[in-house]
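One structure is given here, and the rest of the page talks about it.
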Amino acid sequence: MTSRSDFLPPTRHYADHVHTLLDKAVHRIGQAGYDRLLIHSGRSHARFQDDYHAPFRAHGHFVHWLPLPSHADCLLEIVPGSRPKLWLCEPDDFWHAPPSPPQSWWADHYEIEVVTVADDWAHVLEIEKATALIGDPVDFPALGRHADLNPERLLRGLDEDRTVKTDWQLDCLRAASRRAVAGHRAAREAFEDDGSELAIHLAYLAASAHDPNDLPYNSIVGLNEHAAILHYQLRDAAPPDRHRTFLIDAGADCHGLASDITRTWVRSDQGLFADLLREMDALQLRLVARMQPGMDYVMLHEEAHRGVARILHDAGLVKMSIEAMIADRVTSRFYPHGLGHHLGVQVHDVAGRVGPDGSSLPPPEAHPFLRLTRTLEAGNVITVEPGLYFIPSLLADLREGGLRDRFDWDAIDALIPYGGIRIEDDVVVRRGGAPENMTRDAFDTAGG
């Protein structure tokens with residue numbers, strides 16, 4: 001039986017991780033004119049007119065330091081020249097299981113004071129030092145006169161520092177990939193056994209040793225037409241009459257860092273959809289190979305559109321040149337989302353649309369959903385996820401417009417019941433060498 005411990009990484013790089021973060025934070029604190037930095041882990045809140053609390057997940061800037069994604073109301077203090085201090089909140093609560101106690105491999109790098117309620121560290125906010133506090137404004141409606149909440153310049157710098165991962169974080173991301181791949185393999189088997197969307201999801205959870213509350217995002221498990229709903233959020237408990245295709249977009253967690261993996265499967269390896277799937281897989285691998293330092297991600301996204309256009313043209317689905325399809329935005333009806341995004345302690349990690357100097361880098365008008373518009377640099381971890389879908393609502397105006405005769409509507413209508421294709425890998429941008437494809441490496445290790 002698989003357990004979570006089977007997917008944990010070695011701890012040897014954690015000390016260097018803390019030292020790296022401390023050096024960067026001290027620089028940012030001084031640059032912004034503060035004496036110290038406080039980072040709150042977040043607070044659990046009840047639903048409106050209810051005493052039920054949604055599953056808690058700590059804020060990204062807190063988890064960036066500490067492997068404590070489920071610990072609420074903790075406070076981390078960083079003061080130049082001092083060891084980081086953690087107020088570790090462990091409530092004396094008979095309603096819930098207590099948090100896991102500190103483990104020496106991470107706790108030895110902090111001064112730790114255990115408290116049972118947040119009020120026990122509230123006095124820290126009133127110390128007469130120029131203080132920056134990173135946290136949710138809802139949790140701090142009134143601050144003392146010495147603390148600034150989420151000061152823009154400092155927060156922007158801390159976001160930027162998260163775009164380059166430490167060796168410890170890369171270890172965690174690789175482990176999260178291995179964990180997710182175990183689930184993906186089990187999900188494919190459940191699809192081949194004619195399972196329902198719910199049965200496939202449960203197989204994924206069991207194989208990845210994941211509680212659904214701890215998933216980094218709500219898994220997408222779509223059979224047939226549901227594969228064309230980009231963020232499909234339901235799971236039918238009954239299987240369809242016929243299993244044609246299966247798309248799963250599901251990740252896993254390791255110490256608060258996430259994997260984000262998508263695979264598409266087809267029941268028969270014969271036919272047009274199977275051919276399109278093979279072509280999309282080849283395109284995705286070509287794009288992964290292009291993830292090098294200095295590459296403009298917007299250009300890579302546009303390259304993905306040209307690749308999709310070539311596939312549509314060669315399959316005879318669209319009778320237009322590649323250039324004409326791009327100019328008339330035809331590919332955006334078949335591939336409406338972005339090529340990928342930063343990945344880390346958040347699935348859609350921060351700073352995707354700003355430059356290193358904090359300048360805004362909005363997506364092109366033609367591609368408004370692109371989440372990453374930067375130039376890549378070594379140490380970035382990104383997703384690469386081109387798609388090809390047959391979505392009736394996006395194709396409707398093409399079917400009725402002036403270009404309608406340029407499409408093989410009979411072939412497209414035959415593909416609509418198959419939904420669509422998305423293939424997504426998690427990739428490390430490397431200096432002076434090929435990118436590291438953590439997803440493919442994990443599948444290769446697991447046997448494909």
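The values are calculated or read from the model by the stated rules, or taken from the named source; none is laboratory data. The model shown is predicted, which means the values in this text are computed figures rather than measured ones. No Cβ is skipped: glycine too gets one built from the backbone with ideal geometry, and neighbour counts run over all protein chains shown. Surface areas here come from the heavy atoms of the whole protein model, side chains and all, with no ligands, DNA or RNA. Shrake-Rupley method; radii C 1.70, N 1.55, O 1.52, S 1.80 Å.
Quick notes on this one:
- Count - residues of region 89-114 that are under 20 Å from C254 (Cα atoms), open to solvent by less than 60 Å² (accessible area, probe 1.4 Å) and not in a loop (DSSP other than H, G, I, E, B): 3
- Looking at A304, A282, A274, just one residue is in a helix (DSSP H, G or I) and open to solvent by 20 Å² or more (accessible area, probe 1.4 Å), and that residue is A282.
- Residue that is modelled with the highest pLDDT [pool: residues in region 416-435 that are open to solvent by 30 Å² or more (accessible area, probe 1.4 Å) and of a type in the set (D, E, K, R)]: R430
- In region 375-406, the residues that are open to solvent by 10 Å² or more (accessible area, probe 1.4 Å) and either touching a Leu at 6+ places or on another chain (Cβ under 7 Å) or among the β-branched types (V, I, T) (or both): T375, E385, I391, R404
- Comparison of A309, A315, A327 shows that the only residue that is crowded, with 19+ Cβ neighbours inside 10 Å, among the aliphatic types (A, V, I, L, M) and more than 19 Å from L230 (Cα to Cα) is A309.
- Taking (1) open to solvent by less than 20 Å² (accessible area, probe 1.4 Å); (2) free of Cβ contacts under 8 Å to residues at least 60 places away in the same chain in turn, S360 satisfies each apart from (1).
- When we screen L21, L38 for residues that are modelled with pLDDT of 95 or more and in contact with a Pro (Cβ under 9 Å, 6 or more places away or on another chain), the only hit is L21.
- Any hit, region 164-185, residues being in contact (Cβ under 8 Å) with a residue 12 or more places away in the chain, more than 30 Å from V429 (Cβ to Cβ) and not in a loop (DSSP other than H, G, I, E, B): no
- Criterion violated by V350 - all others in (1) under 20 Å from G387 (Cα atoms); (2) open to solvent by 20 Å² or more (accessible area, probe 1.4 Å); (3) touching a helix residue (DSSP H, G or I) at 6+ places or on another chain (Cβ under 6 Å); (4) of a type outside the set (S, T, N, Q) satisfied: (1)
- The condition of being under 17 Å from G42 (Cα atoms) and among the aliphatic types (A, V, I, L, M) holds for only one of A206, A142, that being A142.
- Check on G30, part of a helix (DSSP H, G or I), without any contact (Cβ under 8 Å) to a residue 60 or more places away in the chain and surrounded by fewer than 13 Cβ atoms within 10 Å (Cβ to Cβ): yes
- Taking each residue of region 35-53 that is over 24 Å from G256 (Cβ atoms) and looking for partners that are of a type in the set (K, R) and open to solvent by less than 90 Å² (accessible area, probe 1.4 Å) with beta-carbon atoms closer than 7 Å, six or more apart or interchain, yields D35/K129.
- Look at region 382-394: where a residue is farther than 25 Å from D426 by Cα and a partner is at pLDDT 95 or above and among the charged types (D, E, K, R), sitting 6+ places away or on another chain with Cβ atoms under 8 Å, you get I391/R333; L394/R333.
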